[in-house]
Amino acid sequence: MDTVRYVLAVLIVVTFPPICLFWFLVHRFANSWRKIDPWWTYGILFSLFFTVIFILYHFRLSLIGTDYGFQPILAIAGVFCWVVAVVIYLERRKHLTSNILLGYPEVSKNGYPGKLLTKDIYGKMRHPRYVEIQFGYFGYALIANFLGLYILTILCIPALFLLVLLEEKELIERFGKDYAVYSQSVPRFIPKRINK
């Protein structure tokens, strides 16, 4: 079990920062990316992504920090968080294709502007993917029980919020008034209840 917790902790601390960096660069520079071929865009972004993973891997022991050991109660809470993340995943995956998950509508003229998602789970909250990620990382932290994962989970909140703000700015540029109207009627993170 200790090996599984260790591998999980290392996997999270070396992948989460480059994932955030990837999406920060996609959303922040979307207009610039659309001026070049998507192959170049993804070549640049993934080269940077794997370089950051490589660097972070060399500091993995410092990044995961103190091991607090396996704690069954925390692991149960972590599994509950995973279940919530999986439920959200099963709903949102109906709408997010591989191209959308890789940011193709943001970086390519061919995929631009894409389709504004407003149905099903996207009719209840605007950013289910970020809610899913937060629950998932919190679950990982509770199960692995390393200090570094708790710190990363806390840092995840403002990092994801910043990404949401960048994404929403980019969505307003892409969809204009339609996104503005949608954002006024659907909350960002906490699902609204649908009256039947």
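On the basis of being at pLDDT below 90, out of contact with any His (no Cβ under 9 Å at 6 or more places or on another chain) and acidic (Asp, Glu), does residue 173 make the cut? So residue 173 passes the test.
Candidates in the stretch 169-190 are the residues that are in contact with a helix residue (DSSP H, G or I) (Cβ under 8 Å, 6 or more places away or on another chain) and either part of a loop (DSSP other than H, G, I, E, B) or without any contact (Cβ under 8 Å) to a residue 24 or more places away in the chain (or both); of these, the one that is least open to solvent (accessible area, probe 1.4 Å) is 186. Residue check: residue 75 meets all listed conditions (1) open to solvent by less than 50 Å² (accessible area, probe 1.4 Å); (2) more than 17 Å from the chain's Cα centre (by Cα); (3) at pLDDT below 90; (4) hydrophobic (A, V, I, L, M, F, W, C) but one, namely (3).
If you check 194, 143 for being of a type outside the set (Asp, Glu) and either modelled with pLDDT of 90 or more or assigned to a helix (DSSP H, G or I) (or both), only one passes: 143. Scanning the stretch 102-124 for residues that are farther than 28 Å from residue 44 by Cα and among the acidic types (Asp, Glu) gives a single hit, 120.
Is it fair to say residue 38 is in contact (Cβ under 8 Å) with a residue 24 or more places away in the chain and of a type outside the set (S, T, N, Q)?
So residue 38 fits the description; yes.
Six or more apart or on different chains, Cβ atoms under 8 Å: show the pairs whose first residue is in the stretch 89-115 and more than 21 Å from residue 178 (Cβ to Cβ) and whose second is modelled with pLDDT of 85 or more and loosely packed, with under 14 Cβ neighbours inside 10 Å. Note: pairs meeting the criteria are 91/120. For the stretch 11-24, state whether one or more residues are in contact with a Ser or Thr (Cβ under 7 Å, 6 or more places away or on another chain), surrounded by 14 or more Cβ atoms within 10 Å (Cβ to Cβ) and either closer than 19 Å to residue 159 by Cα or modelled with pLDDT under 95 (or both). So far as the stretch 11-24 goes, no, none of its residues is in contact with a Ser or Thr (Cβ under 7 Å, 6 or more places away or on another chain), surrounded by 14 or more Cβ atoms within 10 Å (Cβ to Cβ) and either closer than 19 Å to residue 159 by Cα or modelled with pLDDT under 95 (or both).
For residue 166, state whether it is in a helix (DSSP H, G or I) and either open to solvent by 80 Å² or more (accessible area, probe 1.4 Å) or touching a Pro at 6+ places or on another chain (Cβ under 7 Å) (or both).
Against the criterion (in a helix (DSSP H, G or I) and either open to solvent by 80 Å² or more (accessible area, probe 1.4 Å) or touching a Pro at 6+ places or on another chain (Cβ under 7 Å) (or both)), residue 166 does not qualify.
Every condition in (1) outside any helix (DSSP H, G or I); (2) free of Cβ contacts under 8 Å to residues at least 60 places away in the same chain; (3) surrounded by 14 or more Cβ atoms within 10 Å (Cβ to Cβ); (4) not hydroxyl-bearing (Ser, Thr, Tyr) is met by residue 70 except one, and the failing one is (2).
Inspect the stretch 34-46 for any residue being crowded, with 17+ Cβ neighbours inside 10 Å, touching a helix residue (DSSP H, G or I) at 6+ places or on another chain (Cβ under 6 Å), part of a loop (DSSP other than H, G, I, E, B) and not polar (S, T, N, Q) and give the result as yes or no. Among the residues of the stretch 34-46, not one is crowded, with 17+ Cβ neighbours inside 10 Å, touching a helix residue (DSSP H, G or I) at 6+ places or on another chain (Cβ under 6 Å), part of a loop (DSSP other than H, G, I, E, B) and not polar (S, T, N, Q), which makes the answer no.
The values are calculated or read from the model by the stated rules, or taken from the named source; none is laboratory data. It should be emphasised that the depicted structure is a prediction, and the values quoted were computed from it without experimental measurement. Glycine gets a Cβ as well: all are built from the backbone with ideal geometry, and neighbour counts include every protein chain shown. Quick note on the areas: whole protein, heavy atoms, side chains included, nothing else; ligands and nucleic acids left out. Shrake-Rupley method; radii C 1.70, N 1.55, O 1.52, S 1.80 Å.
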